[in-house]
Each structure stands twice: as structure tokens, then as C-alpha cells.
Amino acid sequence: MVTFLLVPLANYLPILLYVPQDQFTDGTDTRVDAAGYAFSIWGVIFTGMILFAALQLRVAAADEHLRRAYRFLVVAGLASIAFVPISFGSNYLWGAVDLLWHLLALIGAYTALRAHVRVAGRPQYGWTYFAPSLYLGWISAATVISLALALQQVGVDFPPDTAVWIATALVVVLTLLGVFLGGRSDGFYGFTVAWALVAIAVEQRDAAPIFWAGLAGAGVLAIQGIFRLVGQRPFFYATWPGSRSA
């Protein structure tokens, strides 16, 4: 709980103090950059993680899997705090290290939460598990962007046409990740990836392969999630009746 109260404080305090953080994002462009509006999802993630943490304080007894998830989420929260000083400059290598730290911690937490659901069935406050799913979905996309920036910094540069097709391939990979976890009863992860893909398509609208791949991927994920919402298949693993089998 303390960690996820400090996370938004650390991230928003520089804005309130008028400390510029745009060097990190404005220093260079890549073919996987997303439109700026997409980053507003951080407010939803931060709020969701505070809600998740607050209600976990009321859980009667946390099993081994849930306690492991807590530890991994604290590590992810510390990565978010650590990114703040990195964002004051333009060292993309450190940014990539931080995003990989984020990603590995969130994969560990996500795996532990799903293990807890398999053991416990429908867990207490399972609906709040949407927040770690959003967090993982957004960091999955952000890691791709951060690695692209880091490669540019170390001098890895591709011809323009090659860069477009590599970015298109990465968009396809993100889509497949969303389809995979969306198909395993995590519509929140799928919708988050769809949000990122639309933002990438909007930002890269001058490159037709990226634009259409992003829109198509987002459309596939949206349709998959809607079918699960209105159908008889589980949309979210932690809230569906009979979550043990989700």
C-alpha cells in the first residue's frame, strides 16, 4: 500500500513542481512511438493499483501465491519510482533497463496471481486484479518503445523501409500477446494492448503497414474481448464464476 501511494506521488510531483520530464520522450523518434494521449492510461493504472493494494489489506489470509504477487508488485512499483529520475534526461539505455525490470516483475506478479486464482477459485476482491493486468499490458507495449530508443542510442539504425517493417512485425507480436492472454480469460490485458496499438497507429499514420497493422490488431483484440463479455466464455480470470478452470 505504501509503495503504490508513493508511485503516483513520485510520478506527478515533478509535474506539480514544473520539473521538465520531456527530454526522455522528445529526444528522438522511433517507428513504434505511440501518440501522446495514450499515456493518460497511467492515471487509471495508478488508481487501480492503489485500490488493489487497499482492498488486499482486508484479505483474511493470503496464501503463498498471493504473498509472492505482493512482493513482485512492490518491485514493479519501485521500478516506476526509479523511472522518474531517468525521465529527467535522455539516457535510453537506463530507460530500457528500467522497463525490463518493470516487465519481469509484473510477469512474476501476474503468474502468481493466476496461480492464486487456480488454488482459491474466485478470490476476495478479484475484480481489483484488473489493475495488475492493465499495468502488465501497458508495460508490454512500453518496453517495445523503450528498447527501440535504446537501440538508437547505441547506434543501431535501420533504413527507413526496414524500420517500418520491423515496427510492423513488433505490432503483430503485441497483437499475438494480447490475443493469447485475452484468450486465456484476460480481456483487460487485451483491451490495454488494443489501446496501445491504436495509439501507435495514430502516431505512425504516415507508414501504411504500421498504421493498418495497428488498427487491425486493435480491432481483433476488441472483437475478442466483446465476444467474451457478451458470451458464455470468461472475460476475466479472477471474476468469472468457477475461476479455478479459467
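The values are calculated or read from the model by the stated rules, or taken from the named source; none is laboratory data. Predicted, not measured: the structure shown is a model, and the values here were computed from it. As a convention, Cβ positions derive from the backbone with ideal geometry for all residues, glycine included, and neighbour counts pool all protein chains shown. Note: accessible area is taken over every heavy atom of the protein model, side chains too, but ligands, DNA and RNA are not part of it. Shrake-Rupley method; radii C 1.70, N 1.55, O 1.52, S 1.80 Å.
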I'd like the distance between the alpha-carbon centres of segment 151-179 and segment 70-97, rounded to an integer number of Å. 23
Tilt of helix 130-153 relative to the longest C-alpha principal axis of the chain, in degrees (0 to 90, nearest 10)? 20
Can you list the HN-Hα couplings for segment 219-232, worked out from phi with the Karplus curve (6.51, -1.76, 1.60; θ = phi - 60°), rounded to whole Hz and with x for Gly and Pro? x, 4, 5, 5, 5, 4, x, 5, 4, 6, 5, 9, x, 9
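Where does the charge balance sit around Ala196 when Lys and Arg score +1, Asp and Glu -1, over other residues with C-beta under 12 Å from its C-beta? Don't skip to the answer; put the middle values down first.
Details: positive: none; negative: Asp33, Glu203.
Spelling it out: positives minus negatives among the neighbours equals -2.
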In nm, to one decimal, how far is the modelled label at Asp161 from the one at Ser40, with both set 7 Å along Cα→Cβ? 3.9
Please report the relative contact order for the chain, taking Cα pairs under 8 Å with a sequence separation of at least 6, and give it as a percent rounded to a whole number. 24
How high is the FRET efficiency between Arg118 and Tyr12 when r is their beta carbon distance and R₀ equals 45 Å, given to the nearest 0.05? 0.80
Accessible surface, segment 66-203, averaged per residue in Å² (probe 1.4 Å): 41
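If you filter segment 143-246 for trypsin sites (Lys or Arg not before Pro), then keep DSSP loop positions with at most 13 other Cβ within 10 Å, what is left? Before the final figure, lay out each step's value.
Working: sites: Arg184, Arg205, Arg228, Arg244; in loops: Arg184, Arg205.
Here the trypsin sites (Lys or Arg not before Pro) that fit, given the DSSP loop and packing criteria, are Arg184.
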Taking a temperature of 20 °C and a viscosity of 1.002 mPa s, what whole-number D in µm²/s does Stokes-Einstein yield for the chain with Rh from Kirkwood over alpha carbon pairs? 115
Long-range amide H partners of Arg184 with built H, under 5 Å: none
Heavy atoms only, probe 1.4 Å: what % of the accessible area of the chain goes to carbon and sulfur, would you let me know? 71
Taking a crude spin-label model, label points 7 Å out from Cα along the C-beta direction, the Val179 to Val97 distance in nm is 3.7
